[in-house]
1. What percentages make up the Cα-Cα pair-distance distribution of chain B when the bins are 20 Å wide from 0?
2. Taking 8 Å as the Cα distance limit and 6 or more residues as the minimum spacing, I'd like the relative contact order of chain B as a percentage.
3. Which far-off residues, 5 or more places away or on another chain, put their amide H under 5 Å from the one on B:T166, with H placed in the peptide plane?
4. Residue by residue, what Karplus-based ³J(HN,Hα) values in Hz, rounded to whole numbers, does the stretch A:64-69 have, using 6.51, -1.76 and 1.60 with θ = phi - 60° and x for Gly and Pro?
5. Work out how much length B:T175 to B:S275 would gain on full extension: take 0.36 nm times their residue separation and subtract the Cα-Cα distance, in nm to one decimal.
6. Taking all protein chains in place and a 1.4 Å probe, what share, in percent, of the accessible surface of chain A do carbon and sulfur account for?
7. Between 0 and 90 degrees, rounded to the nearest ten: what's the tilt of helix B:59-71 against the longest Cα principal axis of chain B?
8. How many nm is it between the label spots at B:A41 and B:M111, if each spot is 7 Å from the Cα in line with the beta carbon?
Amino acid sequence: MFEGYKDLPEVPMTWDTTEVNKTGGWRTVKPVLDPEKCNKCYICWKFCPEVAIIVDDEQKEVPVIDYVHCKGCAICAEECPKKAIIMVSESIED
Amino acid sequence: MLAKKVITGNYASSYGAKLARVQVIAAYPITPQTSVVEKIADFVADGEMETQYVKVESEHSAMAACITASQTGARTFTATSAHGLTLMHEMLIWASGARTPVVMTNVNRAMAPPWSVWADHLDSVAQRDTGWIQYYCESVQEVLDTIITAYKVSEDREVLLPALLTLDAFYLSHTYETVDMPDQDKVDEFLPPFDPPYKLDVDDPHLFGSLSFPHQFYMEWRYQIKEAMGRARDKILQVDKEYEKIFGRSHGGLLDLYRCDDAEVVLVAAGTMASTIREVVDQYRNQGYKIGLARLRVFRPFPAQEMRELAKKVDVIGVLDRSYSFGYGGAFFAETGGSLYNIPEKPVLKNYVVGIGGRDVTPKTVEGIFNNAISLQEKGLDKEIEWIELKEGGK
């Protein structure tokens, strides 16, 4: 949408949000959530630095991991009090 | 009604921030700046100023706080000195890159080691490539007026760049002078609230400052800063005139010329030593010498056009640097020389390195420099870069 300095806004920015940055490809390990162990405390959601854990406002459903944006930092697995998130290696076949 | 106050250069910064209705202050103490933010703390405690007063854990954080607050649309201010300013270096580049018009007072202080808290321009001169507008103040009144005009210049959509005001340690930061306090209503009229074109806003999210690949627009955004700095030159002159019309004072635009009209020998200098030079110019003028002063009030953007105009008319330009760049002379000298290289008729250009670490630049010091500079009219350049009143020892 921009071609040169005359088209750019003064501030280095884009009209999009960070959702366009698909950072899931950076992952070497992947968080996998066990719904049986999860108590829906949503601590993983609070700690996720990439907002890659999707929760529902009613706090009824187990969280869903957004693999398009999750970078595999494993903070969620570290913080989960129920050990409901484990990190597994990404395989090339996947 | 015109109110007068007897205040220091530091307090003039505080009053300037108050009159500009700054909304976010980041405060971190460092000698000789501390009384700037102390006075603002008094204003807040006494209910005279409505602002978010943020006490931060370092100067790096102070600048980060100002940048982000500015991105939400708040007018922001902080103050620092020497090691505080240099610790901010990374964030200074961020501030201009993000196009946030933060205004900051820097009390020019020497860099350690050895420790020195006295006047020296290295701290701010070393920030010359960060994309900040830089004003070097000479008087307490100028500090107050420049805080107000700096916001007007920096917040203009044609500019959107941060600005640094510098005050020589103690000579200006702690010296009391009588100051005309502008009327708040008139300042409000002159300086409307800050309204940036793009904001950090949770209801209208965008990507700010994210990755730009080499084939994308990083280079073009740097070019935009260069263009904005060029427009800042005209904006400073325009705002200076507007301010003069309303408040009756101008501080000389970018290059403040004193008795330069028919001058043959001119000294270029920044900061408080300009006042001493004015005195010596008057004395020598009474004796018939055709000399003048070109005070470098604004170092960024560099007044290349004004320098060229001046250089066409004079035989000798002596550039006084209160800091040294360990490359080629002082930075003021190197840039003055750079700006003059492509004009056909060039004056003799000499660098006088003076007042390092706060050593007093007395009328006698200035007389010595003028005597040497005048002698160059006949004999030509003797020594390109000279350290003045350097103690040699070695006996």
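The values are calculated or read from the model by the stated rules, or taken from the named source; none is laboratory data. Just so it is clear, the structure is predicted and the values come from calculations on it, not from any experiment. A quick note on method: Cβ atoms are made from the backbone with ideal geometry, for glycine too, and the neighbour counts reach across all protein chains shown. We work out accessible area using only protein heavy atoms, side chains counted, and drop any ligands, DNA or RNA first. Shrake-Rupley method; radii C 1.70, N 1.55, O 1.52, S 1.80 Å.
1. Pairs per bin, as whole percents: 28, 57, 14, 0.
2. Once normalised by length, the contact order is 16 percent.
3. Sorted by chain and number, the residues that satisfy this are B:N106, B:Y135, B:Y136, B:C137.
4. Listing the rounded values in order: 10, 8, 8, 6, 5, 10 Hz.
5. Numbers: separation 100, 0.36 × 100 = 36.00 nm, distance 1.34 nm.
Gain on stretching B:T175 to B:S275: 34.7 nm.
6. Details: 3380 of 6400 Å².
Exposed carbon and sulfur together represent 53 percent of the surface.
7. 60
8. 2.8
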